[in-house]
Number of protein chains: 2
Amino acid sequence: MDLLLASNNKKKAAELQRVLDRAGISGVNILLLSDVDPYDEPVEDGRTFEDNAFIKARAGMKATGLPTLADDSGLAVDELAGMPGVLSARWSGGHGDDEANNDLLLGQMAHVPDERRGCAFVSVCALVLPSGEEHIARGEWRGMLLRERRGEGGFGYDPLFLPDDAEGRSSAELSPEEKDARSHRGKALAQLVPVISQFA
Amino acid sequence: MDLLLASNNKKKAAELQRVLDRAGISGVNILLLSDVDPYDEPVEDGRTFEDNAFIKARAGMKATGLPTLADDSGLAVDELAGMPGVLSARWSGGHGDDEANNDLLLGQMAHVPDERRGCAFVSVCALVLPSGEEHIARGEWRGMLLRERRGEGGFGYDPLFLPDDAEGRSSAELSPEEKDARSHRGKALAQLVPVISQFA
């Protein structure tokens, strides 16, 4: 059956597909926003990842009548009291400029010694069903912030993130499968697999 | 007697002088860093205002043998979990670029509604005496973050700060005397007046 992923990010759709494949769930047809009739997308002005994930999932289900999954995620830096957090994608002021966001974060953290560069990628996934049933799951991936970019894969802050569990490689140096097995979003999505399997 | 203010900011020296004048304390000769033999200024890499104020005050007293006062201050925005905080002066990556810092903060907060724009200016003043005696005082000034600059006075984030107690004027629209009577630094300095009066 159809499942709307309230996003335009094809990498997130591919990640969800891999998670479902590994769980042996077939028959889920993942649609992105570009695959459904356009609707007014809500302002993501929540203060938490949870707020934003529900804002997006509820709006998608309401507009399309489809089960809708939405992810809100970001990088929480200890030294910055958990920021950029929900502002990760627009940390430098505009929206979605990965290079500017990475440059800014490197500058803000330039003086901070290694032992205080801890951070975590956080993903919160909300799933809203046509029945009104709602589910939410949170995944975290701990690591530290590098001092320069490393690796060509991934997106967002991946080149600056050195996971605790990746043998010294940045998250931009992991294969998609290696990243799924460790990542914040992989962990959050995995928690929703049992729900998705019930209606798939 | 001489008192070193571990800063190069003449506006801070003038503010301290006004506080002492109002308290009726004469005979304190405020020196700035430019008035004493140069010494290696320490890296301000503390995680808190308190840490940084002590780093600066201890270094100044050690290098000069003079009673040394140091202030560390910044803007703590509720929506940003208290940041820019200790990074206020270098929020945009470099150091001391008020225009870039203000622009960045406006961009990061552009989507945030009025009822979630609360913030506070915070000042922590440390005073270290040649005897080794140490004092510290904290002052806060609550208000909200404006959506555009207002006023020509002050420095730093003053044009964006609408104090709760200034009848609708920004902190860049207050006279120095009006600002002293309300400000975070005025409140912190006032707490140290009794100590200063003992050795003045």
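The values are calculated or read from the model by the stated rules, or taken from the named source; none is laboratory data. Small disclaimer: the values here were computed from a predicted structure and weren't measured. For neighbour counting, all protein chains shown are included, and Cβ atoms are generated from backbone atoms with ideal geometry for every residue, glycine included. Just the protein is used for accessible areas: all its heavy atoms, side chains included, with ligands, DNA and RNA removed. Shrake-Rupley method; radii C 1.70, N 1.55, O 1.52, S 1.80 Å.
Data table
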read-out: All positions within region B:179-196 that are within 18 Å of residue B:126 (Cβ to Cβ) and either polar (S, T, N, Q) or without any contact (Cβ under 8 Å) to a residue 12 or more places away in the chain (or both); value: B:183, B:191, B:194
read-out: Test: residue in region B:80-91 that is open to solvent by 10 Å² or more (accessible area, probe 1.4 Å), within 23 Å of residue B:14 (Cα to Cα) and modelled with pLDDT under 95; value: yes
read-out: Any hit, region B:171-178, residues being of a type in the set (S, T, N, Q) and under 30 Å from residue A:101 (Cα atoms); value: yes
read-out: Selection within region B:8-66 - aromatic (Phe, Trp, Tyr) and surrounded by fewer than 15 Cβ atoms within 10 Å (Cβ to Cβ); value: B:39
read-out: Options A:155, A:161: the member that is touching a strand residue (DSSP E or B) at 6+ places or on another chain (Cβ under 9 Å) and over 19 Å from residue A:60 (Cα atoms); value: A:161
read-out: Condition met for residue B:168 (assigned to a loop (DSSP other than H, G, I, E, B), open to solvent by 10 Å² or more (accessible area, probe 1.4 Å) and either touching a His at 6+ places or on another chain (Cβ under 9 Å) or modelled with pLDDT under 95 (or both)); value: no
read-out: Residue in region A:113-121 that is among the small types (Gly, Ala, Ser), more than 9 Å from chain B (Cβ to nearest Cβ) and farther than 23 Å from residue B:103 by Cα present; value: yes
read-out: In region B:135-153, the residues that are open to solvent by 20 Å² or more (accessible area, probe 1.4 Å), touching a residue at least 40 places away in the same chain (Cβ under 8 Å) and closer than 24 Å to residue B:16 by Cα; value: B:135, B:136, B:138, B:140
read-out: Subset of region B:64-95 (residues that are away from chain A (no Cβ under 13 Å) and out of contact with any strand residue (DSSP E or B) (no Cβ under 9 Å at 6 or more places or on another chain)); value: B:65
read-out: Meets criteria (free of Cβ contacts under 8 Å to residues at least 24 places away in the same chain and at positive phi) for residue A:85; value: no
read-out: Identity of the residue in region B:96-106, open to solvent by 40 Å² or more (accessible area, probe 1.4 Å) and more than 17 Å from residue A:87 (Cα to Cα), that ends up nearest to the other protein chains (Cβ to nearest Cβ); value: B:97
read-out: Pairs with Cβ under 6 Å, 6+ apart, first in region B:118-134 and in contact (Cβ under 8 Å) with a residue 12 or more places away in the chain, second of a type in the set (Val, Ile, Thr) and surrounded by 23 or more Cβ atoms within 10 Å (Cβ to Cβ); value: B:119/B:77; B:128/B:68; B:134/B:128
read-out: Residue satisfying all of: in region B:122-133; away from chain A (no Cβ under 14 Å) and surrounded by 15 or more Cβ atoms within 10 Å (Cβ to Cβ); farthest from the chain's Cα centre (by Cα) among these; value: B:129
read-out: Exclusive hit being modelled with pLDDT of 95 or more, hydrophobic (A, V, I, L, M, F, W, C) and out of contact with any Asp or Glu (no Cβ under 8 Å at 6 or more places or on another chain), set A:106, A:75, A:127, A:66; value: A:75
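Per-residue answers, yes or no, for (1) within 14 Å of chain A (Cβ to nearest Cβ); (2) of a type in the set (A, V, I, L, M); (3) assigned to a helix (DSSP H, G or I):
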position: B:44; (1), (2), (3): yes, no, no
position: B:55; (1), (2), (3): yes, yes, yes
position: B:110; (1), (2), (3): yes, yes, no
position: B:135; (1), (2), (3): no, no, no
position: B:144; (1), (2), (3): no, yes, no
